[in-house]
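Written out below as structure tokens is the structure these notes cover.
The values are calculated or read from the model by the stated rules, or taken from the named source; none is laboratory data. Everything numeric here is computed off the predicted structure, so don't read it as measured data. Note that each Cβ is placed from the backbone with ideal geometry, even for glycine, and that neighbours are counted across all protein chains shown. Keep in mind that these areas ignore ligands, DNA and RNA; they rest on the heavy atoms of the full protein, side chains included. Shrake-Rupley method; radii C 1.70, N 1.55, O 1.52, S 1.80 Å.
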Amino acid sequence: MEIERRPRRRGGAPEPRDAGFTLIEVSVAAILVVAFALAAAASFGTAFGVSRGNLLRQQATAVVSQELEYVRTLAWSELAMASVDTGAPMLGSAGTTLLGSEAGFTGEETLVVFTDTGLVTPYRTYDIDGDQYAVWRYVTHEPSGPRRFVVLVTWSNEAASDSLLSSTLITESTARGNTGAVVTLPDGSPAPTTTTSSTTTTTTTTTTTTTTTPPTTTTTLPGLVIESLSLTLSQSQDKQTATVLVDYASGGNAVGAVVVGQWSTTPPEAGYPFTVNQVTSGPGRAIFVHNDGHVVLTVVQFCVTDIVLSGYSYSGGTQCVSAVW
């Protein structure tokens, strides 16, 4: 068996090996390169995810702005839900109230649902550059009088989901076609009003100056009377219907009169009382329909507080009718 002997330098030291990397050195270098590549890829993925999420939220914000602009174009009678989706999020167990703890306000508020005139559907979708946004919409009675519009936008960001919630208060005086806080008709136009004026005449002579006031005269306007007032309840449809028949005091149906009414409940419920108005039709009839369920044995009351018709007066005071739910 031969043993290879490395040549030795003068003095007995072996010659150095050839220059190069060992297998261990190459493996360590490869591991470091892979580690740096993975870290860079993770950082890039995180940055891309953040950028993508910001883009989706910006688009959702644009959806919210579009929804708020839409409801501000509605007349007061149109600013109501056309129907209710009982499977919608944030609703109370009965499906007639919105939970403030989830919608961003205190307590619960009753949904405003006018199936005949309401133009706010409970749900719709947006498709923006291939991204899908689900939009839930709600209109409620705010206790101090305005109506609250709440919009919830939801979307998916790859494996995660996100949402954006916003709301605004709209009063009858700020709804479309109702500037100046005037009473409106169901079509959004101002209701007729009556105005009075007085004059003072001053007579002057060369010797004395006297101020004379014309004799006080009282003009009695023709009157309006309520012929009948009734209230019917339908628990199966969560509907209350109040019917008012208005006549001229001299006889005949009063057409075009604005009947101002108020809904209330005993015991008091969230969103009550609230005021509504309708215009009498050909038979002198005004019909108030309100879709809102109640706890059993709740007393639902409807009161006529005023009737307005140009050239006529109403002196019947507040007249009410009630029924037990």
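Could you check the stretch 63-108 and list, in sequence order, the residues that are polar (S, T, N, Q), part of a loop (DSSP other than H, G, I, E, B), touching a residue at least 40 places away in the same chain (Cβ under 8 Å) and farther than 17 Å from Gly145 by Cβ? Working first, answer last.
Start the filter on the stretch 63-108 by keeping residues that are polar (S, T, N, Q), which leaves 65-66, 73, 77, 83, 86, 93, 96-97, 101, 106.
Checking which are part of a loop (DSSP other than H, G, I, E, B) leaves us with 73, 77, 83, 86, 93, 96, 106.
Within this subset, residues satisfying the condition of being touching a residue at least 40 places away in the same chain (Cβ under 8 Å) are 73, 77, 96.
Residues satisfying the conditions are Thr73, Thr96.
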Whether any residue in the stretch 88-102 is closer than 23 Å to Thr275 by Cβ, touching an Asp or Glu at 6+ places or on another chain (Cβ under 7 Å) and among the β-branched types (Val, Ile, Thr) is what I want to check.
yes
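Could you check the stretch 114-134 and list, in sequence order, the residues that are without any contact (Cβ under 8 Å) to a residue 12 or more places away in the chain and more than 25 Å from Ile170 (Cα to Cα)?
In the first step, residues of the stretch 114-134 are kept if they are without any contact (Cβ under 8 Å) to a residue 12 or more places away in the chain; the result is 125, 127, 130.
Asp127, Gly130 - these are the residues of the stretch 114-134 that are without any contact (Cβ under 8 Å) to a residue 12 or more places away in the chain and more than 25 Å from Ile170 (Cα to Cα).
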The lone condition Val296 fails out of (1) β-branched (Val, Ile, Thr); (2) in contact with a helix residue (DSSP H, G or I) (Cβ under 9 Å, 6 or more places away or on another chain); (3) in a strand (DSSP E or B) is (3)
Evaluation of Tyr314 against (1) among the aromatic types (Phe, Trp, Tyr); (2) surrounded by 19 or more Cβ atoms within 10 Å (Cβ to Cβ); (3) under 32 Å from the mean Cα position of the chain (by Cα) (one fails), failing number
(3)
With closer than 28 Å to Leu55 by Cα and out of contact with any Cys (no Cβ under 6 Å at 6 or more places or on another chain) as the only criterion, which of Leu98, Leu119, Leu164 stands out?
Leu164
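Could you go through the stretch 243-261 and let me know if any residue there is outside any loop (DSSP other than H, G, I, E, B), modelled with pLDDT under 90 and open to solvent by 30 Å² or more (accessible area, probe 1.4 Å).
No, there is no match, as no residue in the stretch 243-261 is outside any loop (DSSP other than H, G, I, E, B), modelled with pLDDT under 90 and open to solvent by 30 Å² or more (accessible area, probe 1.4 Å).
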Looking at this structure, is Thr275 closer than 23 Å to Thr115 by Cα, touching a strand residue (DSSP E or B) at 6+ places or on another chain (Cβ under 7 Å) and either aliphatic (A, V, I, L, M) or open to solvent by less than 60 Å² (accessible area, probe 1.4 Å) (or both)?
no
Among (1) closer than 30 Å to Leu99 by Cβ; (2) open to solvent by 50 Å² or more (accessible area, probe 1.4 Å); (3) among the aliphatic types (A, V, I, L, M), where does Ile287 come up short?
(1)
Could you tell me which of the residues Thr265, Thr280 is closer than 17 Å to Leu233 by Cβ, polar (S, T, N, Q) and buried (at least 19 other Cβ atoms within 10 Å of the Cβ)?
Thr265
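Could you tell me how many of the residues in the stretch 278-293 are part of a strand (DSSP E or B) and under 19 Å from Val112 (Cα atoms)?
Here is the first cut: in the stretch 278-293, the ones part of a strand (DSSP E or B) are 278-279, 285-291.
Now drop any that are not under 19 Å from Val112 (Cα atoms), which leaves 278, 287-291.
Qualifying residue count, the stretch 278-293: 6.
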Residues in the stretch 73-84 that are open to solvent by 10 Å² or more (accessible area, probe 1.4 Å) and touching a Ser or Thr at 6+ places or on another chain (Cβ under 9 Å): how many?
6
